[in-house]
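This report refers to the structure that appears directly beneath it.
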Amino acid sequence: MPIANVDTGNVSLGKPKTGGAVFRAPKGTALPTSATAALSNDFTSMGYISEDGVVNANSPESEVIRAWGGDVVMAYQNDREDTFRMTMIEASRIAVLESVYGEDNVSGTDLASGISVSANAADLGEYVYVIDTLLRDNVPHRTVIPCGKVTELGDVNYSDSSVVGYEVTITAIADSSGNTHYEYFGGGGS
């Protein structure tokens, strides 16, 4: 029996949008509501991301109830953490350092005048994040995280065989509608 309603045109890769793919803005910044709306000046580029791209883990965790004898008689969802993992490889970009160490722990504006970072246990802030990608045939795809916070930081490797990068995990926090992120594909809109 032939498979119906399949289309190889729906198969795609997720390339970064030219000119930057990951952006950050202060929490409460107006959110874009399409894949093509211009971002406000409140958004700052996070620069280059490593070739591994962005990994979104959004899998429900469920509890299974079994009857005597082992039959599954019920399953219920008890968690659904939504995270985005990436490695930011512009290690001296101010926005990257502020995301990793906190805004109050980074001073300076550029390498020419000098940048100082203090590492401590201060709580990291919450931000709006936008991830712009291009799918097959340059179809725009945008992921909007209304409230995200860096909750994990991988080891930082300083060596002569790899770039310095900050592997971060951003945890998406539910907005007032209970949504942790939004995705927009193609088209125009606002």
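What number, in percent, do you get for the relative contact order of the chain if the mean sequence gap of Cα pairs under 8 Å and at least 6 apart is divided by its residue count? Don't jump to the answer; show the numbers that get you there.
Numbers: 395 pairs, mean separation 50.4, N = 190.
Dividing the mean separation by the residue count of the chain yields 27 percent.
Normalised by the residues of segment 93-190, what does the relative contact order come to in percent, with Cα pairs under 8 Å and at least six apart? The partial results should precede the final answer.
On the way: 157 pairs, mean separation 21.1, N = 98.
About 22 percent, as a whole number.
Please state, as a whole number in µm²/s, the translational diffusion coefficient that the Stokes-Einstein equation yields for the chain at 37 °C and 0.692 mPa s, with Rh defined as the Kirkwood radius across alpha carbon pairs.
Numbers: Rh = 18.8 Å.
The estimated diffusion coefficient comes to 174 µm²/s.
The chain: longest stretch without exposed trypsin sites (Lys or Arg not before Pro) (DSSP loop, at most 15 other Cβ within 10 Å), sites themselves excluded?
Values: sites that count: Lys27, Arg80.
Answer - 81-190.
Jot down the radius of gyration and Dmax of segment 18-109, Cα atoms only, both in angstrom.
In order Rg, Dmax, the Cα atoms of segment 18-109 give 19.9, 65 Å.
With θ set to phi - 60° and the Karplus curve 6.51 cos²θ - 1.76 cosθ + 1.60, what are the ³J(HN,Hα) couplings of segment 136-150 in order, to the nearest whole Hz, using x for Gly and Pro?
With the stated coefficients, segment 136-150 comes to 3, 6, 6, 6, x, 9, 10, 10, 10, 10, x, 8, x, 9, 5 Hz.
Roughly speaking, what % of Cα-Cα pairs in segment 18-65 are separated by over 19 Å, rounded to a whole number? List each step's numbers first, then the result.
Details: 537 of 1128 pairs.
When every Cα pair of segment 18-65 is considered, 48 percent fall beyond 19 Å.
With all protein chains present, calculate the accessible area of Ile131 using a 1.4 Å probe and round the result to the nearest 10 Å².
Number for this one is 10 Å².
Tell me, what HN-Hα J-couplings in whole Hz come from the Karplus equation 6.51 cos²θ - 1.76 cosθ + 1.60 at θ = phi - 60° for each residue of segment 40-54, using x for Gly and Pro?
Rounded to whole hertz, the list is 5, 5, 6, 7, 10, 5, 8, x, 5, 10, 4, 4, 6, x, 10.
Take every Cα pair under 8 Å in segment 11-77 that's 6+ residues apart, average their separations, divide by the length, and report that relative contact order as a whole percent.
On the way: 50 pairs, mean separation 17.0, N = 67.
Once normalised by length, the contact order is 25 percent.
Among Val150, Val96, Val72, determine the one that fluctuates most according to a GNM of the chain built with springs between C-alpha atoms less than 10 Å apart.
Of the options given, Val72 has the highest mean-square fluctuation.
Over the chain, with a Gaussian network built from C-alpha contacts below 10 Å, which listed residue (Ala21, Ala38, Ala172) shows the highest mean-square fluctuation?
Checking each option, the largest mean-square fluctuation is seen for Ala38.
Give the accessible surface of the chain per residue, rounded to a whole number of Å², with probe radius 1.4 Å and ligands, DNA and RNA excluded. Present the calculation step by step, with values, prior to reporting the outcome.
Details: 11790 Å² over 190 residues.
Per-residue accessible area for the chain comes out at 62 Å².
Using a probe of 1.4 angstrom, how much of the accessible area of the chain is carbon and sulfur, in percent?
Values: 5840 of 11790 Å².
Carbon and sulfur together cover 50 percent of it.
In what sequence, largest accessible area first, do Glu63, Glu98 appear using a 1.4 Å probe? It would help to have the intermediate numbers written out before the result.
Working: Glu63 75, Glu98 40 Å².
I get Glu63, Glu98, largest accessible area first.
Find me the longest stretch of the chain that has none of the exposed chymotrypsin sites (Phe, Trp or Tyr not before Pro), where exposed means in a DSSP loop (not H, G, I, E or B) with at most 15 other Cβ atoms within 10 Å. Please list the in-between numbers first.
Numbers: sites that count: Trp68, Tyr158.
For chymotrypsin sites (Phe, Trp or Tyr not before Pro) (loop position, at most 15 other Cβ atoms within 10 Å), the longest site-free span of the chain is 69-157.
The values are calculated or read from the model by the stated rules, or taken from the named source; none is laboratory data. Only a predicted model underlies this, so the values are computations on that prediction, with no experimental measurement involved. A quick note on method: Cβ atoms are made from the backbone with ideal geometry, for glycine too, and the neighbour counts reach across all protein chains shown. Ligands, DNA and RNA are stripped out before the accessible areas are found, and what is left, the full protein with its side chains, is counted by its heavy atoms. Shrake-Rupley method; radii C 1.70, N 1.55, O 1.52, S 1.80 Å.
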